[in-house]
Amino acid sequence: MSALRRDAGIALAIARKDALSELRGRHATVSTLFFAAVVLLLFGFALGPDAERLADAAPGLLWLAVMFAGILAVNRLHLLETDDDALEQLALYPVSRRAIYAGKALGGLAVMLVLGIVVLGAVGILFAVDVAGAVVPLLVTIVLGAIGIAAVGTFYAGVTVRLRAREVMLPLLMLPVLAPLLLAAVKATAAAFAGDPFGELGAWLQLLVAFDVVMVVAGAATYGFLLEDG
Amino acid sequence: MMTRVLGAVALVAVVAATFVALRVVPPDVNQGEAQRIMYPHVASAWLAYLSFGVTALAGIGWLWKRDLRFDAVALAGAEIGVIFTAFAIWGGMMWGQPVWGVMWQWEDPRLTTTALLLALYVGYLLLRRLTDEPERRATRAAIVGIVAAVDIPIVHFSVEWWRGLHQTATIGSPDRILNPAAPMAFVGTLLGMLGAFTLAWLYLMIRRYQLARAEAAREEAARRGHLLRARIIELTE
């Protein structure tokens, strides 16, 4: 139990380090937020100006914008660690690898949460959907989706951060794995917007939880190998 | 020599199974001649899953034992799996055109899952090509292969939930095999095709493994050559 508590402490310390450097430098959040906003605008141009059609597509557009921007965010957070070989230093710490993974993923989660909430607000305004009417289920969906994207993103950013073709490989590897998350999150969001007429919201949220658990466990179990010689 | 015999047997088996599937077995009452595509289609899909399972297990083997032979098996599985996946999708589209009236059916969970499968493992192969150092490549590939394999059931389940109208799995439900509606001739042909394709798969796996080992040996020799040359330059300066 005490080992678990120590791991949690280390994870929080790493997440705090990332959060602090983010607050001071704003490498990830600002650029990613504007990227998400631009993506939403372009979706509007691509599908608009029919308001009804945009409102129908809103849940899908929301999650695509969050996912695309999320790729940039997790990439930025890992690039931080390549300066001055910080990742090698991190790997040298005599602490459990799960704790390092958890710390990086928590940092990613913080950025993803900000991103998800801001994009949700922007979708509400741009595509005229009723966000205020279903705030709680929407926020739950955002949190669960953010956990999944942060878990998968941290893992794949760790795989690709030292590659030459990082910008292509990260989305190429990450997006197909995130497909179930996209399906479940879009369905849950659509159900929440519609007031959950068919009572399916819970089932999609459960699928999100299952995805998150599997990916967090898989990431925590394998991230150490990446630090050692990946 | 044994491998060559296996290859010859596999070739004969595939040709024989194809002949039976095309000429001997009667066409399906509802789907007509197009149903014959099902035999290689199902066999390829089965081998694709088998290949990716082998890749994931070989990845675990590498992380556990640190023996690069596991990595060669993983590479063989992924490459051959991608080929069979592409073949299964192609067969599915050929079959979908006459039977469903469209090549791509978004509501079919297995088709969309298989397309994602292709994307996952093409990414895996690209990742391998971008990493030069053998140990590092093996580790990256191993964990990406494991996570991809973990993702497959979730993808399948979520897309199935999303909505489905695919024929229910033929082999998975025994009542369908024993059901008089599926005559023994069809079942026998499918099993024959499965066996023939699996032999061919085994042959390809062995050959690809041997090739991967040869490539690794050449890489290693080139690396040693570089070291030697560097050492000679160092000594002569």
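The values are calculated or read from the model by the stated rules, or taken from the named source; none is laboratory data. In this text the structure is predicted, and so the values were computed from the model without any measurement. Please note: Cβ atoms are built from the backbone with ideal geometry, for glycine as well, and neighbour counts cover all protein chains shown.
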Item checked: Filtered residues of segment B:5-36 (kept if over 21 Å from the mean Cα position of the chain (by Cα), in a helix (DSSP H, G or I) and of a type outside the set (Val, Ile, Thr)) -> B:Ala16, B:Phe19, B:Ala21, B:Leu22, B:Arg23, B:Glu33, B:Ala34, B:Gln35
Margin query: Just to verify a result, which residue in segment A:199-229, among those that are facing chain B (nearest Cβ under 7 Å) and in contact with a Gly (Cβ under 7 Å, 6 or more places away or on another chain), is nearest to A:Ile149 (Cα to Cα)?
Written below: A:Phe211
Checklist line | Which numbered condition A:Gly158 fails, given (1) surrounded by 20 or more Cβ atoms within 10 Å (Cβ to Cβ); (2) within 14 Å of chain B (Cβ to nearest Cβ); (3) modelled with pLDDT of 90 or more | finding: (3)
Notebook entry, point to check: Within segment B:129-151, which residues are more than 9 Å from every other protein chain (Cβ to nearest Cβ) and surrounded by fewer than 19 Cβ atoms within 10 Å (Cβ to Cβ)?
Noted result: B:Arg129, B:Asp132, B:Pro134
Note to self: Conditions first: (1) within 12 Å of chain B (Cβ to nearest Cβ); (2) touching a residue at least 40 places away in the same chain (Cβ under 8 Å); (3) within 19 Å of the chain's Cα centre (by Cα). A:Val123 passes all but one, so which condition is the exception?
What the structure shows: (1)
Margin query: Can you confirm whether A:Ala15 is out of contact with any Ser or Thr (no Cβ under 8 Å at 6 or more places or on another chain) and small (Gly, Ala, Ser)?
Written below: yes
Next item on the list: Scan segment A:16-41 and report the pairs whose first residue is farther than 13 Å from A:Val114 by Cβ and whose second residue is surrounded by 14 or more Cβ atoms within 10 Å (Cβ to Cβ) and of a type in the set (Lys, Arg), with Cβ atoms within less than 7 Å and a gap of 6+ or a chain change.
Entry: A:His27/A:Arg76
Next item on the list: Give me a count of the residues in segment B:83-121 that are within 13 Å of chain A (Cβ to nearest Cβ), in contact with a helix residue (DSSP H, G or I) (Cβ under 6 Å, 6 or more places away or on another chain) and of a type outside the set (S, T, N, Q).
Entry: 7
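Using the structure shown, decide if A:Leu172 is closer than 16 Å to A:Leu72 by Cα, within 13 Å of chain B (Cβ to nearest Cβ) and either part of a helix (DSSP H, G or I) or in contact with a strand residue (DSSP E or B) (Cβ under 8 Å, 6 or more places away or on another chain) (or both).
On the way: closer than 16 Å to A:Leu72 by Cα: yes; within 13 Å of chain B (Cβ to nearest Cβ): yes; either part of a helix (DSSP H, G or I) or in contact with a strand residue (DSSP E or B) (Cβ under 8 Å, 6 or more places away or on another chain) (or both): yes.
Judged against the criteria, A:Leu172 is a match.
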Note to self: Here are the criteria: (1) closer than 24 Å to B:Leu199 by Cβ; (2) modelled with pLDDT of 90 or more; (3) loosely packed, with under 15 Cβ neighbours inside 10 Å. Tell me which single one B:Arg23 does not satisfy.
What the structure shows: (2)
Next item on the list: Report whether or not A:Glu167 is surrounded by fewer than 23 Cβ atoms within 10 Å (Cβ to Cβ), facing chain B (nearest Cβ under 9 Å), among the charged types (D, E, K, R) and part of a helix (DSSP H, G or I).
Entry: no
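Somewhere in segment A:180-189, is a residue buried (at least 19 other Cβ atoms within 10 Å of the Cβ), over 25 Å from A:Arg53 (Cα atoms) and not aromatic (Phe, Trp, Tyr)?
No; the residues of segment A:180-189 include none that is buried (at least 19 other Cβ atoms within 10 Å of the Cβ), over 25 Å from A:Arg53 (Cα atoms) and not aromatic (Phe, Trp, Tyr).
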Item checked: Members of segment B:2-19 that are surrounded by fewer than 17 Cβ atoms within 10 Å (Cβ to Cβ) and closer than 22 Å to B:Gln210 by Cβ -> B:Met2, B:Thr3, B:Arg4, B:Val5, B:Leu6, B:Ala8, B:Val9, B:Leu11, B:Val12
